[in-house]
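Undergrad: One structure is given below, represented as structure tokens, and several questions about it will come after.
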Amino acid sequence: MPTKEKIEQSLEEVLVPGVMRNLVKLNLIREIVISDQKVDITLASAALNPSAQDWLKAKVSDTIGQLPGVNQANVNFVQATPKEINAVDYVIAVMSGKGGVGKSLVAALLGIALAHQGKEVGILDADVTGPSIPKIFGLSSVRPSASETGILPVLSKLGISIMSINLLLEHEDDAVIWRGPIISKVIQQFWEDVLWGKLDYLIVDLPPGTADAPLTVMQTLPVSGAVIVLSPQELAAMVVRKAVRMAKQMNVPILGVVENMSYLTLPDSGKRLELFGKSKGKEMAETAGAPLLAQIPIDPKLAQLCDEGKIERYSSEVFDSLSQNFIKVLPLKAKT
Ligand SMILES: Nc1ncnc2c1ncn2[C@@H]1O[C@H](COP(=O)(O)OP(=O)(O)OP(=O)(O)O)[C@@H](O)[C@H]1O
Ligand SMILES: [Mg+2]
């Protein structure tokens with residue numbers, strides 16, 4: 001008879017319809033009982049619609065039935081909510097003092113950096129009134145599958161699990177004009193009703209600013225650390241101080257600071273032009289008491305990839321050093 005480990009291994013090959021992550025990564029296996037030549041498997045039904053459940057039942061019993069020594073494989077479902085199933089190690093929030101500084105872009109790059117490291121990553125787009133994550137990943141036309149118990153995230157090409165209000169709106173350009181309480185309800189639902197499964201890191205793209213909206217998110221989610229994004233245009237010191245104060249109030253450590261649109265490299269001379277004024281990255285990192293993770297230049301290639309929904313193809317020296325510096329400041333799970 002196969003061991004439990006062997007059975008789990010085979011179940012890693014079963015991709016859940018609608019999200020295409022496997023049963024183990026989605027944390028859907030509740031119980032495996034081996035007796036004589038029989039295996040009983042209990043799966044959680046969270047966020048799976050009836051047809052996905054039927055498909056999985058057949059697929060799992062077929063997969064396990066083929067293992068040597070197994071005569072019979074039974075599959076049962078138990079009710080469970082995504083909240084009961086989800087096992088997210090760390091939530092990292094990306095915040096900015098004002099809008100349009102490239103916060104979503106940086107959130108995306110941080111997620112991609114972790115995915116390149118082989119981490120299981122999700123991105124929760126908490127910018128409910130200005131969602132832009134699906135677009136830069138080229139997922140605007142994708143619709144998530146859902147059931148009465150929850151929603152499945154959408155998977156990016158690199159395997160990042162993504163949830164955004166944009167994926168649920170009929171038209172990508174539909175304006176979201178909800179008021180505060182509804183927005184915080186949506187974010188709570190993105191945390192509790194989305195089947196994230198097992199994730200090493202969940203990156204949260206916060207709404208811009210230091211007003212109510214980002215605060216609500218930090219109160220709703222168990223945030224382990226925050227990354228602050230700024231641009232040299234900002235009347236930065238005050239904005240950063242506000243962001244730092246907010247994070248401190250919430251007991252969230254600032255992991256690092258990213259300065260975006262720092263400079264432009266002139267194509268002919270290779271000279272750096274500080275288009276938006278002198279870089280304040282170092283100074284602001286000091287104000288925040290956290291390392292400066294990167295100074296990202298204005299890069300036409302980056303803008304183009306964002307527009308085309310191909311952000312995952314971006315590569316540059318700056319991105320490499322952002323990745324390395326980010327990984328250094330991340331909370332790590334103690335090995336058990
Ligand atoms: N370093 C950069 N080089 C080139 N283009 C950039 C850069 N940073 C941002 N952009 C462009 O600016 C757009 C806006 O960036 P982004 O959506 O990340 O800003 P944001 O801070 O999240 O804005 P909002 O406050 O509206 O959420 C991107 O889609 C991208 O095209
Ligand atoms: Mg944004």
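Undergrad: Give a residue-ordered list of calculated ³J(HN,Hα) values for the stretch 125-133 (Karplus: 6.51 cos²θ - 1.76 cosθ + 1.60, θ = phi - 60°; whole Hz; x for Gly, Pro).
TA: Listing the rounded values in order: 7, 8, 8, 5, 8, x, x, 9, 4 Hz.
Undergrad: Next up: If you line up the Cα atoms of the stretch 172-296 on their principal axes, what length do they span on each, largest first, in Å?
TA: Largest to smallest, the principal-axis extents are 52, 35, 31 Å.
Undergrad: Then there's this: For the stretch 217-287, state what percent of all Cα-Cα pairs lands in each successive 5 Å bin, counting from 0 Å until the bin that includes the largest distance.
TA: For the stretch 217-287, the pair-distance distribution reads 3, 16, 24, 18, 14, 11, 7, 4, 2, 1.
Undergrad: Given a Förster radius of 35 Å and the C-beta distance between Leu332 and Leu266 as r, what FRET efficiency does 1/(1 + (r/R0)^6) yield to the nearest 0.05?
TA: Working: r = 40 Å, r/R0 = 1.15.
The pair Leu332/Leu266 has a calculated efficiency of 0.30.
Undergrad: Further question: Order by neighbour count: Val217, Val239, Val121, fewest other Cβ atoms within 10 Å first, most last. If you can, show how the numbers build up before the last one.
TA: Numbers: Val217 28, Val239 20, Val121 25.
Lowest to highest Cβ neighbour count: Val239, Val121, Val217.
Undergrad: Quick one: Karplus J couplings for the stretch 278-288, per residue in order, coefficients 6.51, -1.76, 1.60, θ = phi - 60°, nearest Hz, x for Gly and Pro?
TA: Ordered by residue, 3J(HN,Hα) equals 4, 4, 10, x, 4, 4, 5, 4, 5, 4, 7 Hz.
Undergrad: Can you give me the long-range amide H partners of Leu292? Hydrogens built in the peptide plane at 1.01 Å from N, cutoff under 5 Å, separation of 5 or more residues or another chain.
TA: When sequence neighbours closer than 5 places are left aside, the close amide H contacts are Val257.
Undergrad: Considering only C-alpha atoms, what is the centroid distance from the stretch 1-68 to the stretch 259-301, in Å?
TA: Value for the Cα centre distance between the two parts: 49 Å.
Undergrad: Also, I was wondering about something else. Order by neighbour count: Ser164, Ser96, Ser316, Ser145, fewest other Cβ atoms within 10 Å first, most last.
TA: Ser316, Ser145, Ser164, Ser96
Undergrad: How many nm separate the modelled label positions at Leu273 and Ser141, each set 7 Å beyond the Cα in the direction of the Cβ?
TA: 3.6
Undergrad: How large is ³J(HN,Hα), in whole Hz, for each residue of the stretch 72-83 in order, when computed from phi with the Karplus curve 6.51 cos²θ - 1.76 cosθ + 1.60 and θ = phi - 60°, using x for Gly and Pro?
TA: Computed from phi, the couplings for the stretch 72-83 are 9, 10, 9, 10, 10, 10, 10, 5, 7, 8, x, 4 Hz.
Undergrad: Out of residues 5 or more away from Ile254 or on other chains, whose amide H comes under 5 Å of its own, with H placed 1.01 Å from N in the peptide plane?
TA: Ala226
Undergrad: Counting only Cα, what are the radius of gyration and maximum Cα-Cα distance Dmax of the stretch 257-298, in Å?
TA: Looking at the stretch 257-298, its Cα Rg and Dmax stand at 11.2, 37 Å.
Undergrad: When Rg is the radius of gyration of the Cα atoms in the stretch 84-329 and Rh is its Kirkwood radius, what does Rg/Rh come to? Before the final figure, lay out the partial values.
TA: On the way: Rg = 17.1 Å, Rh = 18.1 Å.
For the stretch 84-329, the value is 0.95.
Undergrad: Further question: Grab the DSSP H runs of the chain that are 4 residues or longer, score each as -39,500 (n - 2.57), total them, divide by all residues and round the 222 nm result to the nearest 500 deg cm²/dmol. Please report the intermediate quantities before stating the final value.
TA: Values: 11 runs with 112 residues, N = 336.
Counting only the DSSP helices, I get -10000 deg cm²/dmol.
Undergrad: Right, another one. Once the piece of chain linking Lys6 and Gln188 is laid out straight, how much longer is it, given 0.36 nm per residue of separation minus the C-alpha distance between them?
TA: Extra length available between Lys6 and Gln188 comes to 61.9 nm.
Undergrad: Continuing with the same structure: Which of Ile29, Ile41 comes first, and how do the rest follow, when ranked by fewest Cβ neighbours within 10 Å? Mind showing how you got there, number by number?
TA: Values: Ile29 18, Ile41 24.
Lowest to highest Cβ neighbour count: Ile29, Ile41.
Undergrad: Helix 236-249 against the longest principal axis of the chain: what's the angle in degrees, Cα atoms only, rounded to the nearest 10?
TA: Orientation of helix 236-249: about 40 degrees from the principal axis.
Undergrad: Then there is this: Can you tell me the orientation of helix 50-65 relative to the chain, as the angle in degrees between its alpha-carbon axis and the longest Cα principal axis, to the nearest 10?
TA: Here the helix axis deviates by roughly 60 degrees.
Undergrad: Going through the stretch 264-319, which trypsin sites (Lys or Arg not before Pro) have at most 12 other Cβ atoms within 10 Å and a DSSP loop state?
TA: Lys271, Lys278
Undergrad: Next question. Which far-off residues, 5 or more places away or on another chain, put their amide H under 5 Å from the one on Leu199, with H placed in the peptide plane?
TA: Under 5 Å from the amide H of Leu199 lie the amide H atoms of Ala87, Val88, Asp89, each far enough along the sequence or on another chain.
Undergrad: To two decimal places, what compactness ratio does the stretch 4-80 give when its Cα radius of gyration is scaled by 2.2 N^0.38 Å?
TA: Cα Rg divided by the expected 2.2 N^0.38 Å: 1.00.
Undergrad: Now a separate question. For each pair in Lys103/Lys242; Lys198/Lys248; Lys280/Lys310, compute the distance between the two Cα atoms and list the pairs where it is over 18 Å. Display every interim value, and only then the final one.
TA: Working: Lys103/Lys242 16 Å; Lys198/Lys248 28 Å; Lys280/Lys310 29 Å.
Flagged as over cut-off: Lys198/Lys248; Lys280/Lys310.
The numbers here are math on the coordinates, done by the rules we state, and not lab data. Computed from a predicted structure; not experimentally measured. Using ideal geometry, Cβ is built from the backbone for each residue, glycine included, and neighbour counts are taken over all protein chains shown.
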